[in-house]
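**Student:** Have a look at the structure that comes next, please.
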């Protein structure tokens, strides 16, 4: 890969994103969660576009720590008094807008759909057809 292909600084961190994620020159975030032993090789492949990352969040990411229902401290013990109102349910209950919702996820790939057709095929049934193109 030629050096000119890298046109912006990419910062990868396992730390809290709050201090810099809203800066105007941040164009994307690669959040790796709990990486394994091949993390170094994997993140290099992603950064140099040898691999297209994908996946969905398995929990909701808040804009600030105080948005979470329970204290997220570095200890191994937490008291959960929220009942079922954990994660996305907590955000819904208190009308808190998260940074990224449960299930959110993107990749580098762009794609388009065309010629989308929905035809009623019978009582309560519909037939859907479309073309998918990866760019």
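**Student:** With label points built 7 Å along Cα→Cβ from the Cα atoms of residue 116 and residue 128, find their separation and express it in nm.
**Tutor:** 0.8 nm
**Student:** Over all Cα pairs of region 21-129, how is the pair count split among 5 Å bins, expressed in % and running from 0 up to the last occupied bin?
**Tutor:** Calculated over all Cα pairs of region 21-129, the distribution is 2, 8, 13, 14, 14, 13, 13, 11, 6, 4, 2, 0 percent.
Values quoted throughout were computed directly from the atomic coordinates according to the rules given, and no laboratory measurement underlies them. None of these values were measured; they are calculated from a predicted model. Quick reminder, even Gly has a Cβ in these numbers, built from the backbone with ideal geometry, and neighbours come from all protein chains shown.
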